[in-house]
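See structure below.
None of the figures in this text is laboratory data; all of them are computed from the coordinates on show. Values in this document were obtained by computation on a predicted structure and should not be read as measured data. Here Cβ is always computed from backbone atoms with ideal geometry, including for glycine, and neighbour counts include all displayed protein chains.
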Ligand code: EPU
């Protein structure tokens, strides 16, 4: 199994280009199932998760190839296989994204029910209830979610509570091919949801309200194949910026979208990182000591839960007491105990981590528990004195392209090893 060896502390200097967003690419890949013919997505990140998703689409009869960031998905052979099997879903929860498109395009879909995840329960009840509201019959059979409709879905009205990125995307994808009109309320408005909506509109869908909490959709008879360039990954960008906060130095980010990053930039500035734009580049620099922060994660345009672990690594080194509350996933704190192994002082209670800043972190063996937790441990390892060994880095490979090579190019002493 792969692991990282990191020798710290080293500040980071140089330029890095942000890759396409995993969480935008996955729903777009699922949306290809809605149209007949070849969809083409560009700027697709080459990650474990995008490869898994391609594997799932192939199981469903899609012909696909991913080369140099261009993904071609040919759906002319779909319609026979309508099942996302347990073996794929258990490796990647986002497999649930095929439920809505398969149902809308072929009248039936079976997706193995995702279980809990590394940090606790992650229900999919809103995906099921939303499709039911559009007129599907949804049942659970032998560990599978089975959705059916006779002919096309009628369409309907549904309110998401709480706001859900995944359920909004899934129900939206089903609604675009419905017979009638649908009204979706309290929708997620993350940039990844907006990109999906824009790609669907470009393919012929009729959607109003994109980027707001209410979407009104007039179903259409068919869609053209999708064409989209995946937006830059705001979480990857935020992770590199957080790396500068944790380790110090000056890094230029190329190819990111400042408007998608606003909620993250505010917190990084509160921590004491200077950030400014220079033409196409976003420059982050830390000159002085880190300041304590008070942060609550919220749906976009709030601070993202996917950045919570990385800023905790910075807060661990701030001069004072920080508080980080995850209102989206109150149990998403498995990184806290691992950061403590590096010398951080963190107490987690009722969804809030209280972090008492320390002067320095010390290298130690730690274990990655999920994607963003592993990123936090890597950042902390770069800033820590001595050697840090991060185990189970397959988690980080799900969502970051060759992260160790790109951090090494910025001056980190990090390398991948194999047992
Ligand atoms: N929720 C429900 N019922 C549902 C669905 C969600 O109660 O049917 C709740 C969740 O328990 C949570 C809240 O709604 O409290 C928001 O969850 P959401 O559905 O938005 O999460 P998701 O769609 O499963 C996506 C990202 C996650 C990211 C969350 C929140 C993808 C593939 N995944 O998950 O990304 O944390 O939105 O922004 O887009 C990651 O990239 O590391 C990652 C975990």
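Against the chain, whose longest principal axis comes from its Cα atoms, helix 165-175 is set at around 20 degrees. The fraction of Cα-Cα pairs per 10 angstrom bin, counted from 0 for the chain, comes to 5, 23, 31, 24, 13, 4, 0 percent, rounded to whole percents. For the chain, adding -39500 (n - 2.57) for each run of n ≥ 4 DSSP H residues and dividing by the number of residues yields -9000 deg cm²/dmol at 222 nm. For the chain, DSSP calls about 70 percent of its internal beta bridges antiparallel. Across the range 138-218 the C-alpha pair distances fall into 10 Å bins from zero in the proportions 18, 50, 27, 5 percent. Taking a ≥ b ≥ c as the square roots of the eigenvalues of the Cα gyration tensor of the range 324-371, is the shape rounded (a/c under 1.5), prolate (a/b larger than b/c) or oblate? Oblate shape, in that a/c is at least 1.5 and b/c is the bigger or equal ratio. Once you have the Kirkwood Rh of the range 73-188 from its Cα pairs, apply Stokes-Einstein at 25 °C and 0.890 mPa s and quote D in µm²/s. Calculated translational D: 173 µm²/s. Computed over the range 304-409, the percent of Cα pairs more than 16 Å apart is 54.
Scoring 95-101, 149-155 by mean Cβ neighbours within 10 Å over their residues and listing the highest first yields 95-101, 149-155. Highest mean first, the peptides 20-30, 317-327 sorted by other C-beta atoms within 10 Å per residue fall in the order 20-30, 317-327. Separation of the range 340-409 from the range 155-179 is 36 Å, based on Cα centroids. Remark on the range 246-343: Rg and Dmax equal 13.7, 41 Å (Cα only). Label the range 26-136 by shape, choosing from rounded, prolate and oblate, from the square roots a ≥ b ≥ c of the eigenvalues of the Cα gyration tensor; if a/c is under 1.5 it is rounded, and otherwise prolate applies when a/b is larger than b/c, oblate when it is not. Oblate. Each 5 Å bin, from zero up to the one with the longest distance, holds this percent of the alpha carbon pairs of the range 188-321: 2, 10, 18, 18, 16, 12, 9, 7, 5, 3, 1, 0.
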